[in-house]
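Student: If you scroll down you'll find the structure; I have some questions about it.
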Amino acid sequence: MSRYLIDRYQSLEAYVPGEQPRDMQYVKLNTNESPYPPAPGVVEAVQAEAGRLQLYSDPVCVELRDALAARYGVKRENVFVSNGSDDILNFAFMAFGGPRAYFPDISYGFYPVYAGLHGLEAHPIPLRQDFSIDPVDYMVLDGFIAIANPNAPTGMALEIGQIEDILRANPDHVVLIDEAYVDFGAESCVRLTAKYDNLLVVQTFSKSRSMAGARLGFAIANEGLIADLEKIKFSTNPYSINRMTLAAGLATLKADDVCTANCRRVVDTREVTVDRLRQMGFEVLPSKANFVFARHPHSGGGFLYRQLKARGVLVRHFDSPRIKDFLRITIGTPEQMDVLCAALKHILEAE
Ligand code: PMP
């Protein structure tokens, strides 16, 4: 840290992304990426666009917003796009947070970082003992609310009626529902945006649409909230989505059936993996996401994480009190999960 950093950022604790080691080829199950390549047509669309890099991208992103609007049954004015959903979460905390921000105590690690970045009072709300969110804890709060549905790293989802109760109980505050993982089996609350002007739904192309490296996220909401987000974007970086990512996003939406089929494969692999992990003695939380959160009664999370890494399998371990015994395991291809399960079996037998 230099002596020039302004006071309010000195105590800021930045988000730590999942590791991307380069020392060897790992079976990478630690950052919830899709194991499947981008949809057909995406590479060609990106290549075609690369020849036009001397020109700025469209700051209003008309074509992509129209395509998303058609896909989700809303209007262009209800759609916001930016550089990954992280970008949108940041804008939302900046625009709608304050002075307080509420979110589950075990959830996406970026929420407290954004709260700190924008000087908000962060109020983490404890999950129940079984790691579920209790909607009753979110009734009539005096600030901005962010909930990941399904939640991360648990994978557990709320039902849409429970989210509606939270929206109804907090009409004076924005409720952000982060649906980064919704395409893997939870119910989206996009349709509620027509009814509740305080609902901001955020989704991403990173997981279900195999585009993590392109950085593309979108939000759907009442047009007032979208106009607010546009204002923040145009006050920071209007060209936040580059030409190649815009082209990739459009091509991906044209092949939506391929993405849907890939999601189904991931869900099938998840169910098989959950069974296998349970047979090995793991407790696995009920996941509606492209990852599972699991702990073993005899082996700690840190130990298993290190042993797996030594065998070339990367998973995510969070060294915080309530969840230190868990591993968060991204669902990869069936072959990748075979490698994971074989490695776990060896590790547990050797103990
Ligand atoms: N929300 C949640 C709950 C996530 O786990 C992630 C992925 N790290 C994101 C948002 C951000 O995704 P992206 O910026 O790649 O769209």
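Student: When the Kirkwood radius is taken over all Cα pairs of the chain, what Stokes-Einstein diffusion coefficient follows at 37 °C and 0.692 mPa s, in µm²/s?
Tutor: 156 µm²/s
Student: Over region 263-351, what is the mean sequence separation of C-alpha contacts under 8 Å (at least six apart), divided by residue count, expressed as relative contact order in percent?
Tutor: 29 percent
Student: Once R0 is set to 45 Å, what does the formula 1/(1 + (r/R0)^6) return for the Cβ-Cβ distance between His346 and Arg52, expressed as a FRET efficiency to the nearest 0.05?
Tutor: 0.30
Student: Under 12 Å from the Cβ of Tyr239, count the other residues' Cβ atoms, weight Lys and Arg +1, Asp and Glu -1, and hand me the total.
Tutor: +1
Student: Still on this structure, I have one more. In percent, how large is the relative contact order of the chain, given Cα pairs closer than 8 Å and 6 or more residues apart?
Tutor: Relative contact order for the chain comes out at 23 percent.
Student: Considering only protein heavy atoms, what is the solvent-accessible area of Met139 at a probe of 1.4 Å, reported in Å² to the nearest 10?
Tutor: Met139 exposes around 60 Å² with every protein chain in place.
Student: Sticking with this one: Where both residues lie in the chain, what percent of DSSP beta bridges are antiparallel, nearest 5?
Tutor: The antiparallel proportion sits near 50 percent.
Student: Could you pull the accessible area for Asp172 with a 1.4 Å probe, rounded to 10 Å²?
Tutor: My reading of the accessible area for Asp172 is about 130 Å².
Student: OK, next. Where does the charge balance sit around Ser188 when Lys and Arg score +1, Asp and Glu -1, over other residues with C-beta under 15 Å from its C-beta?
Tutor: Summing Lys/Arg as +1 and Asp/Glu as -1 gives -1.
Student: If ligands, DNA and RNA are left out, what is the accessible area of His298 with a 1.4 Å probe, given in Å² to the nearest 10?
Tutor: Spelled out: His298, probe radius 1.4 Å, area about 150 Å².
Student: Could I ask something else about it? I want to check a number: in the chain, how many lysine pairs have alpha carbons closer than 16 Å, given a sequence separation of 8 or more or different chains?
Tutor: Qualifying lysine pairs in the chain: 5.
Student: Then there is this: Which of rounded, prolate or oblate describes region 164-238 when judged by the alpha-carbon gyration tensor and an a/c cut-off of 1.5?
Tutor: Here region 164-238 falls in the oblate category.
Student: Could you work out the local net charge near Ile331, counting Lys and Arg as +1, Asp and Glu as -1, over the other residues with Cβ closer than 14 Å to its Cβ?
Tutor: +2
Student: How much length, in nm to one decimal, is gained on full extension between Arg264 and Glu121, taken as 0.36 nm per residue of separation minus their Cα-Cα distance?
Tutor: The span from Arg264 to Glu121 would gain 47.5 nm if fully extended.
Student: With a probe of 1.4 Å, find how much accessible area the chain has per residue, and write the answer as a whole number in Å².
Tutor: Heavy-atom accessible area per residue stands at 45 Å².
Student: Take the solvent-accessible surface of the protein heavy atoms, probe 1.4 Å, and return the percent of it on the chain that carbon and sulfur atoms account for.
Tutor: Carbon and sulfur atoms account for 52 percent of the accessible area of the chain.
The values are calculated or read from the model by the stated rules, or taken from the named source; none is laboratory data. Because the structure is predicted, anything quoted here is derived from the model rather than measured. Cβ: placed from backbone, ideal geometry, glycine included. Neighbour counts: every protein chain shown. Just the protein is used for accessible areas: all its heavy atoms, side chains included, with ligands, DNA and RNA removed. Shrake-Rupley method; radii C 1.70, N 1.55, O 1.52, S 1.80 Å.
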